[in-house]
Amino acid sequence: MTEHIDRLHADKILAALALAHPDARPELNFTNPYETLIATMLSAQSTDVQVNKATPALFRDYPTVQALAAATPEEVYPYVRSCGFASKAVNIVLASRQVVDEFGGQVPDDRERLTSLPGVGRKTANVVLANAFGVPAMAVDTHVFRVSNRLGLADAKNVEQTERQLMAVIPEENWNRAHHWLIWHGRRVCKAQRPLCGQCTLRDLCKWYQKEQAIAGK
Ligand code: SF4
């Protein structure tokens with residue numbers, strides 16, 4: 001499982017990421033499992049900044065999962081319109097109803113029940129598990145996928161494979177922190193279109209950078 005990278009090299013990358021981003025933490029705002037679930041659902045294909053603008057009014061007027069379950073998608077949509085698709089309003093209402101009807105009003109703390117909620121895939125479930133319950137989980141979003149594969153922590157074609165490889169190479173106690181380190185590095189340094197390699201403190205460890213240098217004959 002870890003043949004693409006040796007453990008010592010992976011440990012060096014993780015240590016360098018930790019040094020580069022000591023303040024890495026969730027950038028979505030939430031205060032309890034209900035808010036974590038809803039904010040994470042809204043963040044899919046949106047930005048944390050957009051979601052953080054929308055959720056204060058949403059959570060003010062629908063402060064509990066019971067309140068959101070009693071609403072209609074039409075009532076909720078104006079609050080979350082800025083986060084993208086209308087289907088998100090439908091999903092957060094239906095998911096809240098399911099939490100109330102099937103799970104006693106408690107957001108579930110296991111992946112199977114979380115992914116049974118409408119609009120909750122594996123990545124969203126992993127984020128909720130990690131951020132709301134402290135359960136070790138490796139959520140692979142676009143930043144984690146890109147950065148881990150550039151660095152060489154993973155050598156994968158898709159997010160599922162990346163998740164498996166990262167879980168194999170990163171000690172379980174570091175999964176949640178590594179998720180945030182990789183996201184912060186992707187947002188601030190290892191950007192999708194133009195990675196800021198010249199400012200990156202990991203370039204001597206980075207597979208992608210070494211390859212680019214070799215191609216350039218440096
Ligand atoms: S050296 Fe460049 S490609 Fe590698 S992690 Fe840093 S920014 Fe990303």
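Taking helices (runs of 4 or more DSSP H) that fall entirely within region 112-189, which contain at least 3 residues that are within 14 Å of the ligand (Cβ to nearest atom)?
The qualifying helices (runs of 4 or more DSSP H) are 142-151, 175-188.
Filtering region 79-131 down to residues that are of a type in the set (Phe, Trp, Tyr) and in contact (Cβ under 8 Å) with a residue 24 or more places away in the chain, which residue is surrounded by the fewest Cβ atoms within 10 Å (Cβ to Cβ)?
Ranking the qualifying residues of region 79-131, first place goes to Phe85.
For the condition buried (at least 20 other Cβ atoms within 10 Å of the Cβ) and either of a type in the set (Ser, Thr, Tyr) or in contact with a strand residue (DSSP E or B) (Cβ under 7 Å, 6 or more places away or on another chain) (or both), what is the one hit in Thr72, Thr36?
Of the residues listed, the single one that is buried (at least 20 other Cβ atoms within 10 Å of the Cβ) and either of a type in the set (Ser, Thr, Tyr) or in contact with a strand residue (DSSP E or B) (Cβ under 7 Å, 6 or more places away or on another chain) (or both) is Thr36.
Being of a type in the set (Ser, Thr, Tyr), free of Cβ contacts under 8 Å to residues at least 24 places away in the same chain and not assigned by TED's automatic domain parsing to the domain that holds Val144: is that true of Thr47 here?
Yes, satisfied.
Can you tell me which residue among Thr40, Thr55, Thr31 is within 20 Å of the chain's Cα centre (by Cα), among the β-branched types (Val, Ile, Thr) and within 19 Å of His143 (Cα to Cα)?
One residue alone meets the criteria, Thr40.
The values are calculated or read from the model by the stated rules, or taken from the named source; none is laboratory data. Owing to the predicted nature of the structure, the values given are computational and were not obtained by experimental measurement. Here Cβ is always computed from backbone atoms with ideal geometry, including for glycine, and neighbour counts include all displayed protein chains.
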